[in-house]
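Derivation of every value follows stated rules applied to the coordinates shown; laboratory data play no part. It should be emphasised that the depicted structure is a prediction, and the values quoted were computed from it without experimental measurement. No Cβ is skipped: glycine too gets one built from the backbone with ideal geometry, and neighbour counts run over all protein chains shown.
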Amino acid sequence: MRLPAAAYRKGLTEVSEVVNKKWSRRRFLAARPAVLATWQTGGQVENLDEALSYQRGIPEHKRFHLALRAADTGGRTLIQPRAGVGLVKDQIELLRTLETEGQADLLPTTIDSYTRLNRYSDAQTGIEESAHSGQSLLNGFPAVNHGLHACRLVTEAAGRPIEVRHGTPDARLLAEITLAGGFTAFEGGGISYNLPYAKNVPLERSLLDWQYVDRLVGLYAEEGVEINREPFGPLTGTMVPPCISNAVAIIEALLAAEQGVRSITVGYGQCGNLYQDVAAVYSLRRLCREYLDRFGHDAVHLSTAFHQWMGGFPQDEAQAFGVISWGTVAAAFSGATKIISKSPQEAMGIPTAHANVQGLRATRQVLSMFKEQQGLSCTEVSREDEIISAETTQLLEAALRLGEGDPVQGTVRAFQAGALDVPFAPSRAARGAIIPIRDLHGAVRILEFGDLALDGELRAFHRDLLEQRARAEERAVSFQMVTDDIYAVSKGRLVGKPRAGTRVRPAVGGTGGISDAERGSAAAGTTAAYRVRP
Ligand code: 5AD
């Protein structure tokens, strides 16, 4: 994946014409043979009509979009874990356990890292070694290598709708094989599965490759088969300000809808402050609907996903249950259509089936206790909703202006200009100039804005809140606070506190400067931590 600079630039020129326009069926079908030729199992899905008729035979209770619609209508929140292992029989057993013992409403199949990087030969070695050693040596299910028949065995073995969850900048072949294989939802998007997951993939490239995925889903929809699509909400998973993740989710929803996708779930990763989290989901749902309607996509069914804490977890399982439960409270109040659950073994890596079941059961307990009391309205939530909505609108309008009305061109230009940015992203396609920090109450704010398209008034709002925290903690707003915040939850609290004996008088008027060295080390620390557990 490490492209030299010249190849990166070549990648840019090849795809620089990418615009937000629905691909004709002809264009899609012309691009298809080259995609299917990238691995030998591609040949198994050549016949689209066969894939469509297989999908038409999937019973209603296993169709993702119907489950989401029913949940939204009934005011219920569904629960979905993450899970993927290297071998087919083990994946089947794992899903059955999550369904029966964990009572998961929706199931996943998490794809391994080799497949995410299109390294199918390495995935093959992983499969062979897993079979040989009798345990999974891959960190997910290599669906492309296993191929069509194996995917159908997996989807037929479960009694609930199943989604493909991954982190793949170029997911074209993966989408072809898994949709033909009976999965009824597909996560990701050209921004959200590039910037947090890759270093050298140009944004134009991933946006174009995800147009292919969305057009494939659009084509299924034209043939009467609705597949749910879910932009990956949490991005880098570490203190992403809600306006950033919401703006990206809304852009990806618009791009998917343009290619004919009719069922879209926009996601949000828990930040930790209850009021901000609830407001973020309210704002996301409302604004996304507004933008979809404005672009003529009023037929799209929109739902929401709430991700339990995506940052570092406490090692201690009892403490981890606390984090899981707190996320569930926020998700329940927010009225999200589904919760993506974590396990008490999150700090250790990929959970066992048993730990995954425990996460599901803890989530279910809290969610059930909230059944009669969903929704949270108070001044704090309204204020946060107002702020997040104003910020998200400014980011989206800036991107649209830069793209002269085209959200794809606008996205490319906005990330180039730093008008849109993602904190701690490893990708060269994002500036990585913004630095998030918590305020006194634990809400995620912005310390360094770079060229982010937020006006002076909104920036001043953030600055004031940070100075309030500095006064309360008797220390200057500094990069140390950011570092303390990043590790706080894993150490048992939300807001990072100064270590004993390090209090100083805050510098006058100062948010303090952040050196490049500090910026670099934070980015390296967090993304590395995030990426070892993709
Ligand atoms: N099974 C279960 N969870 C997984 N995750 C990644 N791969 C798997 C897998 N194969 C989870 C990580 C983290 C999130 C990003 O995805 O534990 O919570």
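Miscellaneous remarks
- For His307, nonlocal amide neighbours, meaning residues 5 or more places apart or on other chains whose placed amide H falls under 5 Å from its own, are Tyr268, Gly269, Gln270, Ile340.
- Annotation note: trypsin sites (Lys or Arg not before Pro) in the range 163-254 located in DSSP loop regions with a Cβ neighbour count of at most 11 within 10 Å are absent.
- For the range 58-79 versus the range 397-454, the gap between their alpha-carbon centres in whole angstrom: 34
- Per-residue 3J(HN,Hα) values for the range 238-250, derived from phi via the Karplus relation 6.51 cos²θ - 1.76 cosθ + 1.60 with θ = phi - 60°, read 10, 6, 7, x, x, 5, 6, 5, 5, 4, 5, 4, 5 Hz in sequence order (x marks Gly and Pro).
- Amide H contacts of Leu78 (H built 1.01 Å from N, under 5 Å, at least 5 apart or other chain): Lys338, Ile339
- Number of Lys pairs (Cα under 24 Å; 8 or more positions apart or on different chains) in the chain: 10
- When the GluC sites (Glu not before Pro) in the range 201-259 are filtered for DSSP coil states and for at most 15 other beta-carbon atoms within 10 Å of their beta-carbon, the remaining sites are Glu223.
- Size of the range 25-369 as Cα extents on the principal axes (Å, biggest first): 54, 49, 41
- For the range 173-295, relative contact order (Cα pairs under 8 Å, six or more residues apart, normalised by length) works out to 26 percent.
- The C-alpha atoms of the chain define a longest principal axis, and helix 143-157 lies at about 80 degrees to it.
- Residues whose amide H falls under 5 Å from that of Ile446, counting only those 5 or more places apart or on a different chain, are Ile437, with hydrogens built in the peptide plane.
- Protection proxy ranking, highest mean first, for peptides 111-120, 335-344, 456-465: 335-344, 111-120, 456-465, where packing is the per-residue count of other beta-carbon atoms within 10 Å, averaged.
- Listing Trp210, Trp309 from fewest to most neighbouring C-beta atoms within 10 Å gives Trp309, Trp210.
- Contact order normalised by residue count of the chain, Cα under 8 Å, 6+ apart, percent: 14
- The ranking of Phe295, Phe186, Phe424 from fewest to most other beta carbons within 10 Å of each one's beta carbon is Phe295, Phe186, Phe424.
- From phi via Karplus (6.51, -1.76, 1.60), per-residue ³J(HN,Hα) for the range 26-37 in Hz, x at Gly/Pro: 4, 4, 4, 5, 6, 7, 5, x, 5, 5, 5, 7
- Each residue of the range 70-77 was assigned a 3J(HN,Hα) from its phi angle through the Karplus curve 6.51 cos²θ - 1.76 cosθ + 1.60 (θ = phi - 60°); the sequence is 5, 5, 4, 4, x, x, 9, 10 Hz, with glycine and proline shown as x.
- DSSP bridge pairs, the chain: antiparallel proportion in percent, nearest 5: 15
- Tensor-based shape of the range 169-302 (alpha-carbon gyration tensor, a/c under 1.5 rounded, otherwise prolate or oblate): oblate
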